[in-house]
Every structure is written in structure tokens, then in C-alpha cells.
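Here's the structure we're looking at; comments come further down.
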Amino acid sequence: MAQATKERDRPASVRPTRIIFLLGPAFVAAIAYVDPGNVAANLTAGARYGYLLVWVLAAANGMAMLIQYQSAKLGIVTGESLPEILGRRMRTGSRRAFWVQAELVAAATDLAEVIGGAIALQLLFGLPLLLGGLIVGVISMTILAVQSRQGQRPFETVIVTLLAIIAFGFLAGLFVSPVHWGQAAAGLVPHFAGPDTVLLAAGMLGATVMPHAIYLHSSLARDRHGPSLDSYRSRSKKFTPQAFTPKPFTPSTGEFSAIRRLLVVTRWDVAAALLLAGAVNIAMLLTAAANLGGVSGTDTIAGAHAAIIAALGPVIGVIFAVGLLAAGLASTSVGSYAGATIMAGLLKFRIPLLVRRVITLIPALLILGLGVNPTWALVLSQVFLSLGIPFALIPLVRLTGDRMLMGPFADRLPLRIACWVVAALIVALNVALIVLTISGAGGSGG
């Protein structure tokens with residue numbers, strides 16, 4: 001017994017080559033943090049308010065690291081995704097209602113991704129937005145077909161490649177921008193400048209901490225790492241987190257060590273992926289603050305793109321548009337994958353990914369066909385996403401702190417406090433957003 005205790009207290013170690021081999025799920029989830037909605041929200045923030053809201057991105061990225069790690073941990077320890085656990089525990093009526101709001105969040109996500117990709121194709125090739133949306137939909141179907149036929153790892157490879165293109169596309173401009181680093185550092189001090197900045201901050205938060213990524217990451221981590229635990233689970237009669245039993249989950253020594261090693265890798269995975277995503281987001285805002293302040297027409301992505309070309313040259317403009325296109329293609333594919341995960345977990349019902357892709361493409365094409373200001377549609381979609389965060393986050397925090405479910409991997413008190421503080425901050429900002437929107441104080445922007 002003493003030997004087993006020492007084994008459990010010993011720090012887990014994983015060879016660097018093994019860590020590299022196991023990386024991946026967080027990089028897929030990180031696509032949600034660098035999607036076209038981020039581009040719209042971050043460029044708007046930088047163009048209108050300079051470096052004022054840098055702190056929002058820094059804080060949101062820190063929150064995102066904590067949240068995504070918790071989601072992945074839930075999937076690895078329990079062998080179930082967050083939607084599956086919620087679907088098993090909820091009554092039929094509340095489960096269906098929860099699914100409706102989660103699907104609306106996924107739909108808002110998809111709206112942003114398709115519109116962003118269509119804008120990028122218009123910037124690069126002059127294509128009409130509606131045609132561009134159709135092309136984005138077709139290409140995303142091809143990417144999803146890779147996942148359906150080849151499995152998760154080839155899909156991860158495609159998404160990580162697109163993430164590298166996104167990072168290059170949005171970081172390139174930073175190296176030639178006249179960024180005022182002193183003002184950027186001052187922007188790390190939390191403060192607002194009126195109701196409009198609160199509305200915009202909520203949009204930035206909604207674009208950074210994404211509800212569908214919270215649901216999805218638990219499934220990605222489970223599906224990627226689950227097979228390495230199956231042999232332990234099949235032999236261990238004590239492994240019963242999926243069943244309602246009076247005893248908490250008590251893993252065997254071998255299972256405990258295997259899970260602990262995977263959690264070490266997951267921390268590296270989440271840290272690397274989210275640091276990259278955070279750098280891209282902050283680069284967008286800094287580039288806009290340095291080049292777009294006081295320039296007319298920068299309230300749209302197309303106008304911001306024109307201003308970037310004028311300030312930094314056509315090469316940077318093309319690189320920016322390519323990054324935006326990659327963001328649209330990758331994030332709409334990941335969003336469709338997340339929607340399928342949500343439906344399967346909450347409704348116990350699956351439809352083929354490609355069929356789902358066709359259905360969810362329709363609202364975005366309608367928006368594009370009706371001629372709605374695409375940039376403002378993107379920003380509003382991010383505000384809507386911000387309202388959906390608590391529905392994903394609060395259950396996640398409750399579940400990862402549940403010793404009956406998580407056993408020795410349940411959150412300890414300091415981590416539980418940190419998670420609840422994050423949840424409280426996000427809910428408070430959303431309440432402020434609702435009040436300002438209803439009162440009309442934050443309604444400017446289109």
C-alpha cells in the first residue's frame with residue numbers, strides 16, 4: 001500500500017519524443033480561437049480603441065488554457081465527452097433544451113466561419129460573397145471527408161497545417177507594423193472606456209473562449225487517447241465513472257499512471273496550442289492598433305484589409321487574406337465536427353458529417369445572399385457565442401470537481417476556486433452585455 005502511494009505521488013514523466021507524438025487534440029480545438037470571428041472582433045477593437053483591450057485577449061487566453069485543459073481531462077479520465085455525460089445525467093426535457101442552445105451556439109460559430117472564408121475569397125479573387133460561401137462549404141466537406149474516412153490523426157494533420165498558415169498570415173504583419181510597445185504594455189491593465197468597449201470585450205471573449213470548443217475537446221482527447229486506456233478499463237471492475245454508483249472512481253495503479261502520463265502530455269498540448277492562438281489574436285489587435293486607428297472604413301474586414309495594404313504593402317495584404325481563408329476553412333470544419341459531437345452526446349443520434357455540413361451551411365448562405373454587413377454579422381455572432389459559454393463552462397467545472405466521477409483526478413480546492421472565479425467573471429461580463437444591449441447603450445457598430 002505504501003509502495004502504491006509512493007508511485008502515485010511520484011511526478012509523472014514522459015519522453016519528449018512521446019510528447020510530440022501525442023500532441024494534436026488541443027491544436028484542433030485551438031482553431032476555434034483563431035477563427036474569422038476573432039479577426040472581426042480583434043481588428044475592430046484595435047482600429048477603434050488602439051491598445052485599450054489588449055488585456056481582454058491576454059485574460060481570455062489564460063482562461064482558455066484552463067478551460068480546455070479541464071475539458072480534455074474530463075474526456076481522458078472518464079472516457080466520455082462532456083455532451084455524453086450531460087446527456088446521461090439530464091432528464092429528457094432539459095436534455096433537449098440544452099441541446100437546442102448548444103446547437104444554436106454551433107450554428108453561430110458556423111455562420112462566422114463561412115462568412116469569414118467568403119470574405120477572404122472576395123479579397124483574394126474578387127468572388128461574390130455568396131459564391132465564396134459555397135466554395136468554403138465544398139472545401140470544408142472535403143476536409144470532413146478526411147476525418148470520416150481516414151480517422152482523427154489525418155484530420156488533425158490537415159487542421160494543424162491550416163493553423164500554421166493562419167499563424168503566418170496574421171503574425172507576418174506584426175513584424176513590419178510600427179507597434180507602440182509601451183502603449184501595448186499599458187493595454188495589459190484592465191479597464192474600459194464606456195459601454196461600447198464592454199460590448200466589444202464581450203464579443204472578443206466570445207470569439208476567444210468558444211463554447212463548442214469546450215464541448216469538443218473532451219471528445220477529441222477521449223478519441224485520441226482512449227485506446228491506450230482501454231486495456232486497463234476492460235480489466236478494472238472498479239472503473240465505473242459512467243455508472244451511478246455509491247463509490248467514487250478508484251483506478252488501479254497501472255491505470256492511474258497511464259492517465260497521469262496522458263494528463264502531462266495534455267498540459268503540454270494545451271499550453272503550446274493556446275499560446276500560439278493567443279499570440280495570433282494579440283498580433284491582430286496590435287496590427288490594427290498600429291495601422292488602422294483613425295482610418296475610415298476599417299469597421300469592415302474588407303476596409304481593414306485595404307488599410308493594411310496601404311500601410312504595409314500588398315504582400316502583407318495577400319498574406320493576411322490567405323490567413324483569413326485558412327481560418328475560415330479550418331474553423332468551419334472543426335465547428336461541424338463539434339456540432340456532430342454535441343448531437344451524438346445529448347440526443348444519442350448521429351447524422352453523417354457531410355449531411356450536417358450541408359444543413360448548417362444554409363443560414364450562412366442566406367446571410368450572404370441577403371447582403372447583410374458581413375463584418376457586423378461576424379461580431380454579433382461572437383457576442384451570441386459569449387452568451388453560450390456559461391452553459392458549457394459551469395457543468396464542466398462541476399464535473400471536473402466531482403470525486404465520484406473523477407476519483408483522484410478531481411480538481412483540488414485551489415483549482416476549483418480558480419475555475420469558479422473564471423466562470424463568475426464570464427457570467428458577469430455576459431450580464432453586463434445583456435443589460436447594455438437591451439438599454440441600447442452598446443448598440444453602435446454596424
Could you identify the single residue in ARG412, ARG350, ARG356 that is within 29 Å of GLY62 (Cα to Cα) and at pLDDT 80 or above?
ARG412
Selection status of GLY182, without any contact (Cβ under 8 Å) to a residue 40 or more places away in the chain, part of a helix (DSSP H, G or I) and closer than 30 Å to GLY293 by Cα
yes
Quick one: in the stretch 276-303, of everything that is more than 17 Å from ALA327 (Cα to Cα) and hydrophobic (A, V, I, L, M, F, W, C), which residue is farthest from the chain's Cα centre (by Cα)?
VAL295
Please determine whether any residue of the stretch 390-402 is out of contact with any Lys or Arg (no Cβ under 6 Å at 6 or more places or on another chain), under 19 Å from MET204 (Cα atoms) and open to solvent by less than 10 Å² (accessible area, probe 1.4 Å).
yes
Number of positions in the stretch 91-137 that are closer than 18 Å to LEU347 by Cα and without any contact (Cβ under 8 Å) to a residue 40 or more places away in the chain:
6
Of everything in the stretch 375-388 that's aliphatic (A, V, I, L, M) and crowded, with 24+ Cβ neighbours inside 10 Å, which residue is farthest from GLY328 (Cα to Cα)?
VAL383
Name every residue in the stretch 288-302 that is open to solvent by 10 Å² or more (accessible area, probe 1.4 Å) and in contact (Cβ under 8 Å) with a residue 12 or more places away in the chain, in order of residue number.
ALA289, ALA290, ASN291, GLY293, VAL295, THR298, ASP299, THR300, ALA302
Could you look through the stretch 165-187, keep only residues that are exposed (fewer than 14 other Cβ atoms within 10 Å of the Cβ) and at pLDDT below 95, and pick out the one that is farthest from TYR51 (Cα to Cα)?
PHE175
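Do any helices (runs of 4 or more DSSP H) entirely within the stretch 1-61 hold 1 or more residues that are open to solvent by 30 Å² or more (accessible area, probe 1.4 Å), modelled with pLDDT under 90 and under 30 Å from LEU292 (Cβ atoms), and if so, which?
Numbers: elements: 2-9, 16-22, 25-30, 36-49.
Hits in the stretch 1-61: none.
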Positions within the stretch 339-362 being closer than 21 Å to ILE135 by Cα and not basic (Lys, Arg), in sequence order:
GLY339, PRO352, LEU353, LEU354, VAL355, VAL358, ILE359, THR360, LEU361, ILE362
Can you find even one residue in the stretch 242-256 that is part of a helix (DSSP H, G or I), at pLDDT below 95 and surrounded by 16 or more Cβ atoms within 10 Å (Cβ to Cβ)?
yes
All but one of (1) open to solvent by 60 Å² or more (accessible area, probe 1.4 Å); (2) at pLDDT 85 or above hold for VAL372; which doesn't?
(2)
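Here are some residues: LEU86, LEU124, LEU144, LEU130. Which one is part of a helix (DSSP H, G or I), touching a Phe, Trp or Tyr at 6+ places or on another chain (Cβ under 9 Å) and open to solvent by 10 Å² or more (accessible area, probe 1.4 Å)? Break it down into steps so the answer makes sense when it comes.
Working: LEU124 fails: touching a Phe, Trp or Tyr at 6+ places or on another chain (Cβ under 9 Å); LEU144 fails: open to solvent by 10 Å² or more (accessible area, probe 1.4 Å); LEU130 fails: touching a Phe, Trp or Tyr at 6+ places or on another chain (Cβ under 9 Å).
The conditions single out LEU86.
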Within the stretch 314-356, take every residue that is within 23 Å of ALA392 (Cα to Cα) and free of Cβ contacts under 8 Å to residues at least 12 places away in the same chain and give me the one that is least open to solvent (accessible area, probe 1.4 Å).
ILE351
How do the pairs read when you match residues in the stretch 410-434 that are closer than 15 Å to LEU199 by Cβ with residues anywhere that are of a type in the set (Gly, Ala, Ser), using Cβ under 6 Å and keeping only pairs 6 or more apart or on different chains?
LEU429/ALA202; ASN430/SER386; LEU433/ALA202
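The values are calculated or read from the model by the stated rules, or taken from the named source; none is laboratory data. Please read all numbers here as calculations on a predicted model, not as lab measurements. Glycine also receives a Cβ, built like all others from the backbone with ideal geometry; neighbour counts cover every protein chain displayed. Keep in mind that these areas ignore ligands, DNA and RNA; they rest on the heavy atoms of the full protein, side chains included. Shrake-Rupley method; radii C 1.70, N 1.55, O 1.52, S 1.80 Å.
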